1. Being outside any helix (DSSP H, G or I), more than 19 Å from Asn355 (Cα to Cα), under 19 Å from the mean Cα position of the chain (by Cα) and at pLDDT 95 or above: is that true of Val91 here?
2. Pick from region 173-189 the residues that are away from ligand 1 (no atom under 16 Å from the Cβ) and surrounded by fewer than 20 Cβ atoms within 10 Å (Cβ to Cβ): which of them is farthest from Asp405 (Cα to Cα)?
3. For residues that are buried (at least 18 other Cβ atoms within 10 Å of the Cβ) and in a loop (DSSP other than H, G, I, E, B), scanning just region 211-235, find the one that is farthest from ligand 1 (Cβ to nearest atom).
4. Do any strands (runs of 3 or more DSSP E) lying entirely in region 248-303 carry at least 2 residues that are under 23 Å from the mean Cα position of the chain (by Cα), at negative phi and in the same structural domain as Thr224 (by TED's automatic domain parsing), and which ones are they?
5. So Trp375 passes all but one of these: (1) in a helix (DSSP H, G or I); (2) not assigned by TED's automatic domain parsing to the domain that holds Gly235. Which condition number does it fail?
6. Need at least 2 residues that are more than 9 Å from ligand 2 (Cβ to nearest atom) and within 23 Å of Ala393 (Cα to Cα) per element, so show me which helices (runs of 4 or more DSSP H) inside region 327-372 make the cut, counting only ones lying wholly within it.
7. Which of the numbered conditions does Thr180 fail, given that it passes all the others? Conditions: (1) among the hydroxyl-bearing types (Ser, Thr, Tyr); (2) out of contact with any strand residue (DSSP E or B) (no Cβ under 9 Å at 6 or more places or on another chain); (3) in a helix (DSSP H, G or I).
8. Do we have any residue at all in region 193-202 that's surrounded by fewer than 21 Cβ atoms within 10 Å (Cβ to Cβ) and either within 15 Å of ligand 2 (Cβ to nearest atom) or farther than 18 Å from Ile325 by Cβ (or both)?
Amino acid sequence: MATGSAVASHDPKNDEFNPFLSMQDGFDTAADFLGLEGGVRDVLSMPDRELTVNVPVLMDDGTVRVFTGYRVQHNTLRGPSKGGIRFSPDVNLDEVRALSAWMTWKCSVVNVPFGGGKGGVICDPRTMSNGELERLTRRYTAAILDIIGPDRDVPAPDMNTNDQTMAWIMDTYSMHQRKTTTAVVTGKPLSIGGSRGRREATGRGVMISANEALKMIGKRPEDTRVVVQGSGNVGGLGAMLLHREGYKITSISDMYGYLVNDRGLDMPAVLAHLNANRTLEGYKEAEYATDGKAQLELDCDALVPAATENQITSENADRIKAKLIVEGANGPTTAIASQMLAARGVTIVPDILANAGGVTVSYFEWVQDRMGYFWTEEIVNSRLEQIMVTSFAEVRETAEKYKVDLRTGAYILSIGRVASVYRMRGLFS
Ligand SMILES: NC(=O)C1=CN([C@@H]2O[C@H](COP(=O)(O)OP(=O)(O)OC[C@H]3O[C@@H](n4cnc5c(N)ncnc54)[C@H](O)[C@@H]3O)[C@@H](O)[C@H]2O)C=CC1
Ligand SMILES: O=C(O)CCC(=O)C(=O)O
C-alpha cells in the first residue's frame, strides 16, 4: 500500500501551502509519539475513498456549465464519515483530502461516533443566482448519492454553504430514496429536522475553547483584546458570543477588508450592518482598511482566524503579536508557522479542537433526527459545553504527558483513539 504522501501533489515550492501535507506533518509527528505500527499508519494517513464528479448545470442565461466537485471519505472506522461541503473557486482535491482527514481527527478528539469526510465544488457562489446554486446543489447531490446516507456519510455546511443548501441536499436525497430522510445531512433549517443551537455551535465552541485557554494562561475575558478574521458562520457568530462573554473584539474582517476599533466593537451593531449591506465597509463606529494580511499582525491578546487555510505562514508568523490563537477555521496556520509560534511561546488551540463545536452539535442533530425527538436549546448548549470542556482537558492532559504543544496533543489523543478502534476491529483478511 502506498503511503499518504503519495496521494498529495508534491511541489517543494508550495509544500508549506498544501493543506494535505500540513495535515500529514501533524499526523506523522503524533504517529511517531504513539509508535504507530506500519500498517495502521499507512491506512490512517490516506483517505479511504475519493469521488470526483463533473456535473452539468443549466445557467440562467440558457447555457450549460459543467462544475467539478469532490466528496472524500477519509475514514469510517468509528462511524459514518462526517463533514461539510464547501463552494469556492479555490476548492481542490488536496484541500478536500486534508479537510476530510481533519474531520476524522476532530470527531475523535470530541469522541463523537463518526469518521471524517468532506466535500467541495469549484464554483464562485458570489456570481451565481439562487436558482443556479439550487440546481448545482441538486446535481452534485445526485452525483454523490451512492456514497452518502445517514449510516454512510453525513454532509453539513462549510464555507459558502448554509441551511438552505442542506435543505436542497436533504430533499434531493429523499426524492431518490422515496422517503424523507432528514438524518442524511446536518445543519438543516429547524423546520425540517435541524437542531436548535447548530447555527451558533462552531462559534460557541470557539468561545468555550477561548475560555478554557484563558484559564490555562491565567487571563480574564475582560482583559483580552481579540482580532477575528472572517465574519461568516464561525467568525461572525464566534465574535458575537465572545463579545457577550466580555472579550473586547478590536477587529473583524471579511474577504474584502476589516474594521478596527481599539475600544472594542459593538458586535450586534457590526453584524446588523453586515447583514444589511453584505460588507463591513461603511460601518461608522470603526476604521475600515482593505489590506487583510495586515489585520493578522494587529496588536492584540488573542487572534481567531476563522476564514480559510494558510493565513498564518512562515511569511508572517514572526509578526503575529497575539499570545493566544484560537483556530476557528480549518488549517489557518501552516505546519512551519505553527512551529515558529510555538518556539515563541504562543499558545495555539488547534482547529480540530477549537472548531469542533459545529460537528458536536451536528452529532446531536443526527441523533435527534434518528429519534424523532428534539431537544431544547439549553440542553444542546449545556451538552456542547460539557463535551468541549472535557475535550479541552483531555487534549491538555495529553499535551502535558507527552510534553508537546496542544496541536500535537490533540493529534496524539485523536489518532490514538482511531488506531485503537482499528486494532479492536481487526484487519479484513
Ligand atoms: N460552518 C461550520 O460549522 C464550520 C466551519 N469551519 C471552518 O471555518 C472556516 C469558515 O467557515 P464558515 O464561517 O462556515 O464560512 P462562511 O462562508 O460562513 O464565512 C467565511 C468568512 O470568511 C471570509 N473570508 C474568506 N476568505 C477570506 C480571506 N482570504 N481573508 C479574510 N476573510 C476571508 C468571508 O468573507 C466570510 O466572512 C472554514 O475554514 C471552515 O472550514 C470549521 C468548523 C465548522
Ligand atoms: O457539522 C459537521 O458535520 C462538520 C462541520 C465541518 O465541516 C467542520 O467541522 O469542518
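The values are calculated or read from the model by the stated rules, or taken from the named source; none is laboratory data. All figures in this text were calculated on a predicted structure; none of them were measured in a lab. Cβ: placed from backbone, ideal geometry, glycine included. Neighbour counts: every protein chain shown.
1. yes
2. Arg178
3. By that ranking, first place goes to Thr224.
4. So the answer is 248-253.
5. Among (1) in a helix (DSSP H, G or I); (2) not assigned by TED's automatic domain parsing to the domain that holds Gly235, the lone unmet condition for Trp375 is (1).
6. Per the criteria, 335-343, 351-354.
7. Of everything listed in (1) among the hydroxyl-bearing types (Ser, Thr, Tyr); (2) out of contact with any strand residue (DSSP E or B) (no Cβ under 9 Å at 6 or more places or on another chain); (3) in a helix (DSSP H, G or I), Thr180 misses just condition (3).
8. The answer is yes; a qualifying residue exists.
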